[in-house]
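Derivation of every value follows stated rules applied to the coordinates shown; laboratory data play no part. Every value quoted in this text rests on a predicted model; they were computed, and no experiment measured them. Cβ sites come from the backbone with ideal geometry, for glycine too, and all protein chains shown count toward neighbours.
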Amino acid sequence: MNVPNHVAIIMDGNGRWAASKGMPRNYGHAKGSNTVELITQAASDLGIKYLTIYAFSTENWSRPADEVDALMKLMREYIKRCIRKAAKNNMKVRIIGNTSKLAPDIQELIAELETSSAGYTGLNFQIAINYGSRDEMIRAVRRIAEKSADGLLKPEEIDEELFASYLDTKEIPDPDLMIRTSGEQRLSNYLLWQMAYTELYFTDVPWPAFTKEELVKAIEVYNGRNRRFGNI
Ligand code: IPE
Ligand code: IPE
Ligand code: MG
């Protein structure tokens, strides 16, 4: 099996999965956070080098306050567990998204997670929190414009490489395969610049029920595809 270098995942369907069991949406989120641990381990075992997951979008703030609170609470617990897991599994963890809008204690946990795992050489694991591609690109453009206004950058120096270096994903190769669970077939503002040539895979399996076997299935489908980058 030819394993993709970078797999990006939109973890969707926590709420619907819980509802199908007669349980509240937050039960689905809790189960979904267990799936994250399972899949980071699986990705590592399969030899995937980069894994990026979408945990909370810039649009998710518009959900009911109690659901947002529950997601933030789960985030705290997950990040704490992840600090230990990263050390145990040699995992380098980075957060993408606008973290400055998160609660101060979450920002501190993120700093601890990123700093403590920076030297690890196994799986490169990116978690998108308060992430939206449009927001990411606007933040990049602002910083580029500031540099230019200060006379430190000429407009003709701005090319794809320079722009990408201002994104949250700088130093991270573009995804080869994107998996979205739970049936929806859209990108929901995820890695729009980075996924210009990514293969897309959609499955009806909801995130809390996603397994290593489902990940392998996605990789097998990816293997059967004829990847192209605009050439013939
Ligand atoms: C994904 O599951 C988790 C987040 C977006 C935080 P959802 O909460 O979107 O679950 P559905 O799509 O409503 O079933
Ligand atoms: C995308 O899922 C965001 C995350 C998985 C964090 P959503 O469930 O929020 O996306 P939409 O609203 O269905 O597009
Ligand atoms: Mg959803």
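Structure notes:
- Assigned charges on the beta-carbon of Lys, Arg, Asp, Glu; region 44-181 dipole about Cα centre (debye): 560
- In region 55-116, Cα pairs under 8 Å separated by at least six residues give a relative contact order of 35 percent.
- Here region 187-232 and region 56-85 have alpha carbon centers that stand 24 Å from each other.
- Rounded to the nearest 20 debye, the dipole magnitude of the chain is 580 debye, with +1 charges on Lys and Arg beta carbons, -1 on Asp and Glu beta carbons, and the Cα centre as origin.
- Sorting Arg81, Arg228 by the number of Cβ atoms found within 10 Å of their own Cβ, with the fewest placed first, yields Arg228, Arg81.
- Rounded FRET efficiency, nearest 0.05, which uses the C-beta distance separating Ser188 from Lys21 and R0 of 22 Å: 0.40
- Derived scalar couplings between HN and Hα for region 213-221 equal 4, 5, 5, 4, 4, 4, 5, 5, 4 Hz in order, rounded to whole Hz, by the Karplus curve 6.51 cos²θ - 1.76 cosθ + 1.60 (θ = phi - 60°), x for Gly and Pro.
- Extended-chain gain in nm, criterion 0.36 nm per residue less alpha-carbon gap, Ile138 and Ala111: 7.4 nm
- Ordering Ala18, Ser133, Trp61 by Cα displacement along the dipole of region 1-134 toward the positive end leaves Ala18 in first place; charges were set at the Cβ atoms of Lys, Arg (+1) and Asp, Glu (-1).
- With the convex hull drawn over the C-alpha atoms of region 1-102, the volume per residue is 117 Å³.
- Label-point separation in nm, Phe202 to Asn2, each point 7 Å along Cα→Cβ: 2.5
- With helices as the sole contributors, the chain gives -14500 deg cm²/dmol at 222 nm; each DSSP H run of n ≥ 4 counts as -39500 (n - 2.57), and the sum is divided by every residue.
- When all alpha carbon pairs of the chain are counted in 5 Å bins from zero, the resulting P(r) reads 1, 6, 13, 18, 20, 18, 13, 7, 4, 2, 0, 0 %.
- Per-residue Cβ neighbour counts within 10 Å put Glu161, Glu112 in the sequence Glu161, Glu112, beginning with the fewest.
- Computing FRET efficiency as 1/(1 + (r/R0)^6) for Asn223 and Val68, where r is the C-beta to C-beta distance and R0 is 35 Å, gives about 0.35.
- Most mobile of Tyr78, Tyr50, Tyr131 in a GNM of the chain (Cα contacts under 10 Å): Tyr78
- Take the Cα of Gln41, go 7 Å toward its beta carbon, and the backbone nitrogen atoms of region 95-139 under 16 Å from that spot belong to 123.
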